[in-house]
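Q: Structure in structure tokens, see below.
The values are calculated or read from the model by the stated rules, or taken from the named source; none is laboratory data. A quick note: this is a predicted structure, and the numbers were derived from the prediction, not measured. Every residue, glycine among them, receives a Cβ derived from its backbone with ideal geometry; neighbour counts consider all protein chains shown. Calculation scope for accessible area: heavy atoms of the full protein, side chains included, ligands and nucleic acids excluded. Shrake-Rupley method; radii C 1.70, N 1.55, O 1.52, S 1.80 Å.
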Amino acid sequence: MAKLSAAGPVKEKKHFTRYLPLYLMMLPGIAYIIVNNYIPMTGIVVAFKQYNTRLGLYNSPNIGLKNFEFLFRTKDALLITRNTLLYNLAFIVIGTLFAIAVAVLLNEIKLKKAQQVYQTIVLVPFLISIVIVSYLVNAFLATDTGFINNSILVSMGKNPVSWYTSPKYWPFILILVQVWKVFGYNSIIYFSVLVGIDQGYYEAAVIDGANRWQQFLHVTLPGLKPTIVTLTLMSIGRIFYSDFGLFYQVPMNSGALMDVTNTIDTFVYRSMMQLNNVGMASAAGMYQSLVGFILVLTANFIVRKLDSENALF
Amino acid sequence: MKLKKIMSVILAAAMLTATMAACGGDGNSSAGSASGTGGNGGTDSSVVSGSGSGASADDMSGQEEYTVKIMYFGDAKTEDTNEVAAKLSELTKAKYNTTIDMVRVGFGSYKDQANLALNSGEKLDVISSFGFSPATMMVQNQILPLNDYLDEYAPDTKAAINDLDWKCVTINGNITGVPYNIEKASSFGLLMVKDVVDAMGIDWKSIKTLKDAEPIFEKVRAEHPEMYMLIADFGDIRRPLRIDPLCDENFGVLEDALTTEEDLKVVNLFETASYVDWIKTMYDFNQKGYMQPDAASSTESANSLLGAGKAFSFITNIKPGIEAEWIRNCGKEVYIAPLVEEYSTTANIGLRWCIANNSEKPERAMQVINEMYMNPEFSNIFIYGIEGKHWKFVDEEKGVVGYADGVEAGSTGYSNLAWGAANEQISYVFEGDDPDLWKNLGEFNANAPASVAKGFVWDNADVINEVTSCTNVLNKYVKALQAGALDPETDLNKFNQELKDAGLDTIIQDKQTKLDAWMAENK
């Protein structure tokens, strides 16, 4: 199993000279990350300031936690945090299951040509811009011209539904759209891992009399485990972020749906669009990063307790 | 197609400026009222020599050389813009020894780019407040107060704009910018497609309120089932109400802008009788199928729906020349039945020219703004570009211009936006518009009765958290409510309750206190 997991960092100092060329190759990337990701992080101070262009980022007057107030003063905070977390949980669980299922099916296709065609097809939704996706969804859901109302509900003798003002359907619609959009990408990753599993394991399993399901449980799944853990951990790190396009464009920014479509990103966007307040926007961004950071640490801590080999760090 | 798109953006932009409700006013005015000086300068280029007279008393061409960078909106090619800037520089070089550098940014990205320029400290002198809240710009020090520069470096402009307008752009004593001389009053009406009205012999003049349109909708729909009777523009529907927004059209308004001085009560718009009445009409229209379906989340512009023959009517703003504007926008002739007569509030003085905090020599920027506002020659080049390349005279005597030969709206390298300049009323009129357009516009502005509270500028700094929370509630309900998609009987109460929970009463109280204090000081 160990050889399936990503190679761990080489810690031995004596190897340093041996790997020197690799470290040198890493330098530009590190420089890039420092300049683009680490130095700007100091700008986080603006979340505690009354931003003033003339005084600049670091010299603007401090106002403590005042910028954070707007996030927590109404029940919106609870609502958007709930939406963000639950949607992302659903995406992680359902998305992973779906992606693995598709990857296994892909792996079962023996005809090389067909396999390539299917691989390409499942990847297509991932490549479509979310704005276009929102219009595809609209083609299904529009009240007067939409496919569902026009071709299904009416011909079944039912009343058309005003989808864009009926919040109760949207949790399902959003999960469906998101899973449809990203499953291809994840299943290709899982598929590439599956391809790497030594056929010998399967042969041994067959000799031991394992059926297909048992092969899946005892060979395929353990083989996939490190990848599942890594991808899940990374998703959990982003659990406090939401795909802005999915939650803003796909529901066509319909206010009536906001109880079920408002996430932290859309909330901040909507509140800040009119105010243009740098400090408050940064405060929201910081809250998001902080909680995301804590979640990654917690998730990794749990994984390390259960199975230290698969933990990220 | 492209023209339509551009025009729809322009229209959307114009609407935005009307609703932006960025105001000013703290009662620091010194110059006597001199309305009209700049207002109806006409298109006679002989005004040129006279316009600079105030400044030319002492010759300023000996100043050290300086480049003023202007940033504003609209589609233009860089080469063409540079050429226009060079032409403008000829004028300013002789007069002030100032060179003009100009950048035009498309509507979609103007605000982002301008914001970046203001925050990054790059060279920038004169900037349009389009899309911004000048109050926020001032708080964040992105722009400089003009108080120190106006009297000395732009006395003509200072005198040309009346005291009340100056108050409207003054925030906590700081003059944020020079207001554009565009339409300075609100008026709304119901626009109807002319050929349908004529063909069916509809008495459109009988429409005095939105409710009057119902029998007409019923008739038209019977004949034109393919048309939506009433549509939204990108999901937005104008409120045909005579409210004074008091710098924020949603939270705390005067129900009647033209109310008396004794009766200045800030109220919750969404509980006022006139608003509820309007919403009920919209709900009724929606129930009867007159409204465009999914209007609240529509991403179609009114222009494209009207142009495509899919719509019959639309609630529009009214100003002189609006019918010609609609012809340009959607290619259809229209009738407009007035629903709300013109009136003016602080919010009507929205768009303004500001001096960026980055400006090294704000006084030189001020001189250029003065030129923009007062000099017809400068203004014409600024708006229309180079003669022969971008435009030509259609009727020189009347001051009417059109696109140059071989150039059209979609292909010009320098799109003309009269309202995007400081003072369109001293420029030429574009083909298709009434040659008296600017005179009519000046009269429209002058004749509109003003709210008693005009000049009052509300600073929301004390209740910014409440405003943010209420904005979130607002976004949830307002579009769907105004498109008639929500039942006013149930959802309006929920809406109001959530607003109250979010702190609306605090906002209203804050506004009322500040308004009362302002009234005591200014009236």
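Q: For a label point 7 angstrom out from the Cα of residue B:287 toward its Cβ, which stretches of region B:470-489 have the backbone nitrogen within less than 19 Å?
A: Within reach of a label on residue B:287, which here means backbone N under 19 Å from a point 7 Å along Cα→Cβ, region B:470-489 contributes B:480-489.
Q: Looking at B:240, B:187, B:430, which one has the Cα that reaches farthest to the positive end of the dipole of the protein assembly as shown (charges on Cβ: Lys, Arg +1; Asp, Glu -1)?
A: Checked the options; the winner is B:240.
Q: If you don't mind, another one. How many percent of the accessible area of the protein assembly as shown is carbon or sulfur, using a 1.4 Å probe?
A: On the way: 21410 of 37070 Å².
Roughly 58 percent of what the probe reaches on the protein assembly as shown is carbon or sulfur.
Q: Mind checking how much accessible area A and B bury in total, 1.4 Å probe, in Å² rounded to 100?
A: Numbers: alone 19330 and 20670 Å², together 37070 Å².
So the total buried area for this chain pair works out to about 2900 Å².
Q: Using R₀ = 60 Å, calculate the FRET efficiency as 1/(1 + (r/R₀)^6) where r is the Cβ-Cβ separation of residue A:22 and residue A:166; round to 0.05. Spell out each step's value before the answer.
A: Values: r = 56 Å, r/R0 = 0.93.
Rounded to the nearest 0.05, the efficiency is 0.60.
Q: Run a plain Debye calculation on chain B (Cα atoms as equal point scatterers, no solvent) and give log10 I(q)/I(0) at q = 0.06, 0.07, 0.12, 0.13 Å⁻¹, rounded to two decimals, same order as the q list.
A: At q = 0.06, 0.07, 0.12, 0.13 Å⁻¹ the computed log10 ratios are -0.28, -0.39, -1.17, -1.35.
Q: A follow-up question, please. Be a star and scan region A:114-148 for residues whose amide nitrogen sits under 15 Å from the point 7 Å along the Cα-to-Cβ vector of residue A:195.
A: Counting only backbone N, you get A:114-123.
Q: Residue A:239's amide H: which non-local residues (gap 5+, or another chain) put their own amide H closer than 5 Å, with H modeled 1.01 Å from N in plane and none for Pro or chain starts?
A: none
Q: Here is a further query. Two-decimal Rg/Rh of region A:83-233 from alpha-carbon positions, Kirkwood Rh? Let's see the in-between values first.
A: Working: Rg = 19.4 Å, Rh = 17.9 Å.
Here the Rg-to-Rh quotient is 1.09.
Q: Still on this model: I'd like the residues of region A:45-73 whose 1.4 Å-probe accessible area shrinks by no less than 10 Å² going from the isolated chain to the full set of protein chains.
A: When all protein chains are present, A:50, A:51, A:52, A:53, A:54, A:66, A:69, A:70, A:73 each give up 10 Å² or more of accessible surface.
Q: Starting from the Kirkwood radius over alpha-carbon pairs of chain A, derive D by Stokes-Einstein at 4 °C in a medium of 1.567 mPa s and give it in µm² s⁻¹. Mind showing how you got there, number by number?
A: On the way: Rh = 23.2 Å.
The diffusion coefficient I find is 56 µm²/s.
Q: Using the charge dipole of the protein assembly as shown (Lys, Arg: +1 at Cβ; Asp, Glu: -1 at Cβ; taken about the Cα centre), state which of A:184, B:506, B:349 has its Cα farthest towards the positive end.
A: Working it through, the farthest residue towards the positive pole turns out to be A:184.
Q: Continuing with the same structure: For each pair in B:184/B:208; B:87/B:392; B:77/B:332; B:194/B:288; B:265/B:476, compute the distance between the two Cα atoms and list the pairs where it is over 18 Å. Present the calculation step by step, with values, prior to reporting the outcome.
A: Working: B:184/B:208 23 Å; B:87/B:392 16 Å; B:77/B:332 29 Å; B:194/B:288 23 Å; B:265/B:476 26 Å.
Pairs exceeding the cut-off: B:184/B:208; B:77/B:332; B:194/B:288; B:265/B:476.
Q: Then there's this: Hey, got the Cα dimensions of the protein assembly as shown along the principal axes, in Å, largest first?
A: 102, 73, 59
Q: Moving on to the next point. Report the Stokes-Einstein translational diffusion coefficient (µm² s⁻¹, integer) for region B:218-322, Rh taken as the Kirkwood radius over Cα pairs, at 4 °C with viscosity 1.567 mPa s. Provide the component values of the computation, followed by the final result.
A: On the way: Rh = 15.5 Å.
D, rounded to a whole number, is 84 µm²/s.
Q: Give me the one-decimal nm value for the distance between modelled label points at residue A:290 and residue B:59, 7 Å along each residue's Cα-to-Cβ direction.
A: 6.5
Q: I've got another one for you. Pull up the cross-link candidates among the aspartates and glutamates for residue B:389, meaning alpha carbon to alpha carbon under 18 Å and not fewer than 8 places away within one chain.
A: B:75, B:79, B:80, B:83, B:90, B:377, B:405, B:408, B:431
Q: Which lysines have a Cα lying under 17 Å from the Cα of residue A:49, excluding residues fewer than 8 positions away in the same chain?
A: A:66
Q: Sticking with this structure for a sec: Pairs of lysines 8 or more apart, or on different chains, with alpha carbons under 27 Å: count those in region A:74-310, would you?
A: 10
Q: Can you list residues from other chains, or at least 5 along the same chain, whose modelled amide H is less than 5 Å from the amide H of residue B:455?
A: Amide H to amide H, under 5 Å and 5 or more residues apart or across chains, residue B:455 pairs with B:346.
Q: Could you give the length gained by full extension between residue B:203 and residue B:398, i.e. 0.36 nm per residue of separation minus their alpha carbon distance, to one decimal place?
A: Values: separation 195, 0.36 × 195 = 70.20 nm, distance 3.49 nm.
Value of the extension gain: 66.7 nm.
Q: Taking the simple approach of a point 7 Å from Cα along Cα-to-Cβ for both residue B:299 and residue B:163, what is their distance in nm?
A: 5.1
Q: Follow-up question, since we're still on this one. With the other protein chains left in place, how much accessible area per residue, in square angstrom, belongs to region A:74-310 at a 1.4 angstrom probe? If you can, show how the numbers build up before the last one.
A: Details: 12020 Å² over 237 residues.
I get 51 Å² per residue for this part.
Q: Quick one: which bits of region A:156-194 get at least 10 Å² less accessible when the partner protein chains are in, versus the chain alone, with a 1.4 Å probe?
A: When all protein chains are present, A:164, A:165 each give up 10 Å² or more of accessible surface.
Q: Tell me, what is the FRET efficiency for residue B:214 and residue A:156 to the nearest 0.05, using R0 = 41 angstrom and their Cβ-Cβ distance as r?
A: Working: r = 33 Å, r/R0 = 0.80.
Between residue B:214 and residue A:156 the formula returns 0.80.
Q: Does any residue of region A:278-294 lose at least 10 Å² of accessible area with all protein chains in place compared with its chain alone, and if so which ones (probe 1.4 Å)?
A: SASA drop of 10 Å² or more in region A:278-294: A:278, A:280.
Q: Right, next: ³J(HN,Hα) across region A:20-36 via Karplus (A = 6.51, B = -1.76, C = 1.60, θ = phi - 60°), whole Hz, x for Gly/Pro?
A: Calculated HN-Hα couplings, in order: 3, x, 5, 4, 4, 5, 6, 3, x, x, 5, 4, 4, 5, 5, 5, 8 Hz.
Q: Another question, then. So the label point goes 7 Å from the Cα of residue B:327 along Cα→C-beta, right? Which residues of region B:202-220 then have their backbone N under 12 Å from it?
A: The answer is none.
Q: Among A:118, A:248, A:301, whose Cα projects farthest towards the positive end of the dipole of region A:74-310, with charges put on the beta-carbon of Lys, Arg (+1) and Asp, Glu (-1)?
A: After comparing all options, I get A:248.
Q: Follow-up question, since we're still on this one. Calculate, axis by axis, the spread of Cα positions in region B:229-283 along the three principal axes, and write the results as whole Å, longest axis first.
A: That gives 41, 21, 16 Å along the principal axes, largest extent first.
Q: Enumerate the calculated ³J(HN,Hα) couplings along region A:108-119 in order (Karplus 6.51 cos²θ - 1.76 cosθ + 1.60, θ = phi - 60°), each rounded to whole Hz, writing x wherever the residue is Gly or Pro.
A: With the stated coefficients, region A:108-119 comes to 7, 6, 8, 6, 4, 4, 4, 4, 5, 4, 5, 4 Hz.
Q: What length, rounded to one decimal in nm, is gained on full extension from residue B:361 through to residue B:147, with 0.36 nm per residue of separation minus their alpha-carbon distance? Walk me through the numbers on the way to the answer.
A: Values: separation 214, 0.36 × 214 = 77.04 nm, distance 1.46 nm.
Gain on stretching residue B:361 to residue B:147: 75.6 nm.
Q: Using helices alone, I'd like the mean residue ellipticity at 222 nm for the protein assembly as shown: each DSSP H run of four-plus residues gives -39500 (n - 2.57), total over residue count, nearest 500. Intermediate values should be presented prior to the final figure.
A: Working: 33 runs with 407 residues, N = 836.
For the protein assembly as shown, the value works out to -15000 deg cm²/dmol.
Q: Roughly how many nanometres apart are two label points built 7 Å out from the Cα toward the Cβ at residue A:110 and residue A:241?
A: Here the modelled spin labels are 4.3 nm apart.
Q: Enumerate the aspartates and glutamates that residue B:523 could reach by cross-link, defined here as Cα to Cα under 20 Å, with residues fewer than 8 away along the same chain left out.
A: Of all the aspartates and glutamates, those that pass the test against residue B:523 - Cα under 20 Å, at least 8 places apart if same chain - are B:26, B:163, B:165, B:244, B:256, B:261, B:262, B:263, B:459, B:510.
Q: Still on this structure: Dipole size in debye (nearest 20) for the protein assembly as shown around its Cα centre, Lys and Arg Cβ +1, Asp and Glu Cβ -1? Don't jump to the answer; show the numbers that get you there.
A: Values: 68 positive and 91 negative charges, 896 e Å.
Here the protein assembly as shown has a charge dipole of around 4300 debye.
Q: Hey, could you grab the Kirkwood Rh for region A:250-298? Inverse mean 1/r over distinct alpha carbon pairs, Å, one decimal.
A: Details: mean 1/r = 0.0824 Å⁻¹.
That comes to 12.1 Å for region A:250-298.
Q: A follow-up question, please. Amide H of residue B:126 versus every other amide H placed in the peptide plane: which residues, excluding those fewer than 5 positions away on the same chain, fall under 5 Å?
A: Hits under the 5 Å cutoff: B:69, B:70, B:71, B:356.
Q: Evaluate E = 1/(1 + (r/R0)^6) for residue B:513 and residue B:120, where r is the Cβ-Cβ distance and R0 equals 45 Å; express this FRET efficiency to the nearest 0.05. Write out the running numbers ahead of the final one.
A: Details: r = 38 Å, r/R0 = 0.84.
So the FRET efficiency works out to roughly 0.75.
Q: By how many nm would the segment from residue A:259 to residue A:305 lengthen if fully extended, with 0.36 nm per residue of separation less the alpha-carbon distance?
A: Values: separation 46, 0.36 × 46 = 16.56 nm, distance 3.70 nm.
Gain on extension, residue A:259 to residue A:305, equals 12.9 nm.
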